[in-house]
Amino acid sequence: DDDLWTFINKKLAIDLGGLHGAQTATINLDARAAELGIEKGKSYPLSVFHAERRTDKSNFRIDTSIVFTNCSPILR
């Protein structure tokens, strides 16, 4: 029931919004490079938005091999 949206280079890359059971999503950046307007070796903004609909049974996890730089601000 949680919502999660991920934007890469200001383009929607993952949309797990709406009412649903547990879900997972994976992004293959090589396969979606043209769609996201990205090139290997360059830097792009990454934004992740998470919304909790209920006060319990919430969790989400991000696993990545992306090297992060200039990670300010991080909002909680």
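Here are the numbers for the structure shown:
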read-out	value
Carbon/sulfur fraction of accessible area - the chain, other protein chains in place, 1.4 Å, %	52
The chain - accessible surface per residue (Å², probe 1.4 Å)	85
Listed peptides 4-14, 40-50 by packing density, highest first (mean Cβ within 10 Å)	4-14, 40-50
Amide H within-cut-off set for A13, under 5 Å, with H built and near neighbours excluded	T6, F7, I8
Accessible heavy-atom area order of R32, R54, R61, highest first, probe of 1.4 Å	R61, R54, R32
Estimated inter-spin distance, F68 and E52, nm [label 7 Å along Cα→Cβ]	1.9
CD proxy at 222 nm, helix term only [per DSSP H run n ≥ 4: -39500 (n - 2.57); per residue of the chain; nearest 500]	-500 deg cm²/dmol
P(r) of the chain over all Cα-Cα pairs, binned every 10 Å from zero, in whole percent	15, 49, 29, 7
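The values are calculated or read from the model by the stated rules, or taken from the named source; none is laboratory data. In this text, all values refer to a predicted model and were calculated from it rather than measured experimentally. Because the Cβ atoms are built from the backbone with ideal geometry, glycine has one as well, and the counts that use them run over all protein chains shown. Each accessible area value is taken on the protein alone, full model and side chains, heavy atoms only, with ligands, DNA and RNA left out. Shrake-Rupley method; radii C 1.70, N 1.55, O 1.52, S 1.80 Å.
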